[in-house]
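See structure below.
Throughout, read-outs are computed from the coordinates displayed, never taken from laboratory work. Remember, it's a predicted structure, so these values are computed and weren't measured experimentally. Don't worry about glycine lacking a Cβ; one is built from the backbone with ideal geometry, like all the others, and counts go over all protein chains shown.
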Amino acid sequence: MIKDIIEALSELLPHQILHGQQVGTKYAVDWSGESALTPDIVVRPTNVAHVSALLQYCNQHQLPIVIQGGMTGLSGGSTPQHSEIVLSLERLTGISELDTESMTLTALAGTPLEHLQLAASEAGLYLPLDLGARGSCTVGGNVATNAGGNQVLSYGMTRSLVLGLEAVTADGTIIRSMNKMLKNNAGYDLKQLFIGSEGTLGVVTEVVFRLFPKPLNKQSALCGFSTFSQAVFFLQRMQSTCSRVSAFEIMWDNYLKQVLVMNQQFSRPLAEDHAFYVLIEIEGNESERDVESFNLQLQACLDDGILNDAIVAQSDRDVGQFWQLRDGVVDILASVTHRANFDIGVPISQMPAFVEAVEASLSAQFDHLELCIFGHMADGNLHIIAWTGREGDVELIYQKVYTLVGNMGGTITAEHGIGTMKRQYLSLCRSEQEIALMRLIKQTMDPNNILNPGRVI
Ligand SMILES: Cc1cc2nc3c(=O)[nH]c(=O)nc-3n(C[C@H](O)[C@H](O)[C@H](O)COP(=O)(O)OP(=O)(O)OC[C@H]3O[C@@H](n4cnc5c(N)ncnc54)[C@H](O)[C@@H]3O)c2cc1C
């Protein structure tokens, strides 16, 4: 059977098929590290017509496909299962157009995000989508997962940065919807079907992003707090008094300690220990005034007891060092096995009670529990990594935390998506009617269930 498929696909799409020994382990698992499986067949198209031909064939023969971008996803969505054929977008790359007047950037789906950021910057413009995986994640993956990242607070998630896209549906139909305008109310906004649906409704092949004027000036500081409420006051104060607050990343002390243990070359950023740390960034276009008002506001917050301590970046190197601490999660993920990794969302007002409930519930059940908490606080999004060192505890930790999330009206995923790993918990944060409508859309667009089966719903 596999032999026949390889023969047919090699004829249909010459030089685009890898099989057997040619298939490397890089196609076996995404960054979640869960349930690796090296696939039998990998197809690597170089244009949309080839993607369409592959989907037509697979649909006719009811062959399941898993779509792969940069494999930096954290929900198991691009990890092959059973006999799935891998559709890798790794060769569908390149920037198709940079329109400086319309302020749009169009790129093929397999292009790494960082290439777009650099191209925009070289043209004096700005693509505000940014995440730790920028060098490896692809724009197709970003769109499919509706990626969030570090600047959602001012620019929104990927959804709000995408003006148009091209996608191929399960039967091979190419839907070209390459809108470049901010306004377009002609009928249904079809691109939204493909944004955030994690490859279950179509393969994204090209994307039009909205660009922004490049901010002339960025100010960054790392701040220490004793209480969560102080951090909330601080956010509100800075939003109401400074120019645009573009990032507001919170780190619990337990997170920072773990990052420092894993990276002996990093040093403690502030003289004393604090219960919470915030990395704040402000963007503006009036250099001197922005610097002055940022420093004045930080001083006012110190004087008013909102802030315990702060260090302001004096150079790009300092900024880089602040972000190294925030991005230190990579080392935790890479070195801790048997961990539960959460990207939950709860309203900011519920965060302290939620974290307290998580700590109480998990420590009552597990000894040797380690917890690291950090995240995009201003977006209502917290990342929690929890482990005991025992594989058997991981699923129980997921169950306990997701149940608490559901009880508090939160979401089990604020940005990484459902993939395969959170599917069984979807009903904790989506109603029966919502899930039924999701199923109906899936059945209508992919009646043979060939696209990323078993993901999301
Ligand atoms: C260090 C690190 C930091 C991260 N930080 C963030 C963060 O701040 N915010 C955030 O949101 N995420 C973050 N992530 C998660 C991840 O980077 C994002 O989900 C990213 O958008 C995935 O892109 P990818 O190309 O790697 O997709 P993949 O991992 O290859 O795929 C992800 C999902 O999208 C589907 N898919 C991929 N390409 C396409 C396509 N062209 N058409 C249709 N479906 C497709 C896959 O089937 C899969 O279901 C981080 C990951 C790492 C490792």
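To the nearest 10 degrees, how steeply does helix 253-262 sit against the main Cα axis of the chain, on a 0 to 90 scale?
Approximately 70 degrees, to the nearest 10.
Relative to the longest principal axis of the chain, what angle (0 to 90°, nearest 10) does the C-alpha long axis of helix 113-122 take?
70 degrees
Please state the charge dipole magnitude for the stretch 217-329, taken about the Cα centre, from unit charges on C-beta atoms (+1 on K and R, -1 on D and E), reported in debye and rounded to the nearest 20.
260 debye
So if the hydrodynamic radius of the stretch 336-442 is defined as the Kirkwood radius over C-alpha pairs, what does Stokes-Einstein give as its diffusion coefficient at 37 °C and 0.692 mPa s, in µm² per second?
The diffusion coefficient I find is 229 µm²/s.
Over the stretch 1-86, what portion of Cα pair distances is larger than 21 Å, expressed as a whole percent?
27 percent
Please work out how much length the chain gains when fully extended from residue 261 to residue 334, using 0.36 nm per residue of separation minus the C-alpha to C-alpha distance, in nm with one decimal.
This chain segment gains 24.9 nm when fully extended.
Based on DSSP H runs of at least 4 residues, each adding -39500 (n - 2.57), what is the mean residue ellipticity at 222 nm of the chain after dividing by all its residues, to the nearest 500 deg cm²/dmol?
-10000 deg cm²/dmol
Report, in degrees rounded to the nearest 10, the 0 to 90 angle that the Cα long axis of helix 351-365 makes with the longest principal axis of the chain.
Helix 351-365 sits at roughly 70 degrees to that axis.
Note down the magnitude of the dipole of the chain about its Cα centre, charges +1 on Lys and Arg C-beta and -1 on Asp and Glu C-beta and zero elsewhere, to the nearest 20 debye.
With only Lys, Arg, Asp and Glu charged at Cβ, the dipole is about 840 debye.
Greater than 24 Å separation of Cα atoms is the criterion. Which listed pairs, 183/214; 191/442; 26/191; 214/257; 183/422; 422/442, meet it?
Where the Cα-Cα span goes over 24 Å, the pairs concerned are 26/191; 214/257; 183/422.
For the stretch 1-94, give the magnitude of the charge dipole about the Cα centre (Cβ charges: +1 Lys/Arg, -1 Asp/Glu; no others), in debye to the nearest 20.
Using only the charged Cβ atoms, the result is roughly 180 debye.
Translational D (Stokes-Einstein, µm²/s) of the chain at 25 °C and 0.890 mPa s when Rh comes from the Kirkwood sum over C-alpha pairs?
106 µm²/s
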